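*Asks:* Starting off with a structure, shown below.
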Amino acid sequence: MEEFDTSIYDKEFTNGVKLHSYNYSDEYKQGLSESKSNKKISIKGTIKKITVMLSSLALIGASATAKAQNNISFKEPAIEYAVRDYLNIDKNKAISEKDLDSITELTILGESIYIINGRSGKIKAESRPTDKIFMYDGKMYPYGDMSEVDDFLLFKNLKEYEVKYNE
């Protein structure tokens, strides 16, 4: 504990204030030194913990960014609509690469009908006036004007695709 050596001096200033100077024992000095050392270790430990925490937050941020970058952006509205309808994904929700993994077969007929993995559905796209029509399941549909087929490259597991009745 604190052991003082009072043999150094007592000095009285001219204004009447006494200054007492003490010498701490060697044991106390060593304790102070260890305390400072422990504080340095504690500060280093805290800095290390903060660094690890910031690194973790950076990884979480990078992961979120990576996930956002894995969201699919379609060029062709008919294909996007077909995928959203088939996978039951709301138009306000992003479609990820993983969402497309289950699609192995995709057919687009005009811009009105899709067939994905054997299940057909209707595409609700604005149709433009055209003289050409095609029949599907006993009904008549207008030809489409799909010009982009790059969207098919987004499907990693796609084994078969077809686009019919487009000008």
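The values are calculated or read from the model by the stated rules, or taken from the named source; none is laboratory data. The structure presented is a predicted model; accordingly, all values stated were derived computationally and were not measured. Here the Cβ is made from the backbone with ideal geometry for all residues, glycine too, and neighbour counts use every protein chain on show.
*Asks:* Quick one: which residue in Asp145, Asp131, Asp137 is over 24 Å from Ile72 (Cα atoms), touching a Ser or Thr at 6+ places or on another chain (Cβ under 9 Å) and surrounded by fewer than 20 Cβ atoms within 10 Å (Cβ to Cβ)? Before the answer, list the steps.
*Replies:* On the way: Asp145 fails: over 24 Å from Ile72 (Cα atoms); Asp131 fails: touching a Ser or Thr at 6+ places or on another chain (Cβ under 9 Å).
Every option except Asp137 fails the conditions.
*Asks:* May I ask you to say which residue of Ala78, Ala62 is closer than 17 Å to Met146 by Cβ and either hydrophobic (A, V, I, L, M, F, W, C) or modelled with pLDDT of 90 or more (or both)?
*Replies:* Numbers: Ala62 fails: closer than 17 Å to Met146 by Cβ.
Selected residue: Ala78, the only one of Ala78, Ala62 that is closer than 17 Å to Met146 by Cβ and either hydrophobic (A, V, I, L, M, F, W, C) or modelled with pLDDT of 90 or more (or both).
*Asks:* While we're looking at this one, here's another question. Scanning for something more than 14 Å from Ile79 (Cα to Cα), at pLDDT 90 or above and over 29 Å from the mean Cα position of the chain (by Cα), does region 151-163 turn up at least one residue? Reasoning before the result, please.
*Replies:* We begin by selecting, within region 151-163, every residue more than 14 Å from Ile79 (Cα to Cα); these are 156-157, 159-160.
So of that shortlist, the ones also at pLDDT 90 or above come out as 156-157, 159-160.
Add one more test, that the residue is over 29 Å from the mean Cα position of the chain (by Cα), and what stays is 159-160.
Among the residues of region 151-163, at least one is more than 14 Å from Ile79 (Cα to Cα), at pLDDT 90 or above and over 29 Å from the mean Cα position of the chain (by Cα), which makes the answer yes.
*Asks:* Here are the criteria: (1) more than 24 Å from the chain's Cα centre (by Cα); (2) surrounded by 15 or more Cβ atoms within 10 Å (Cβ to Cβ); (3) among the basic types (Lys, Arg). Tell me which single one Arg84 does not satisfy.
*Replies:* (1)
*Asks:* State which residue is farthest from Ser102 (Cα to Cα) when the search covers only region 133-154 and only residues that are assigned to a loop (DSSP other than H, G, I, E, B) and out of contact with any strand residue (DSSP E or B) (no Cβ under 7 Å at 6 or more places or on another chain).
*Replies:* Checking each candidate, the answer is Gly138.
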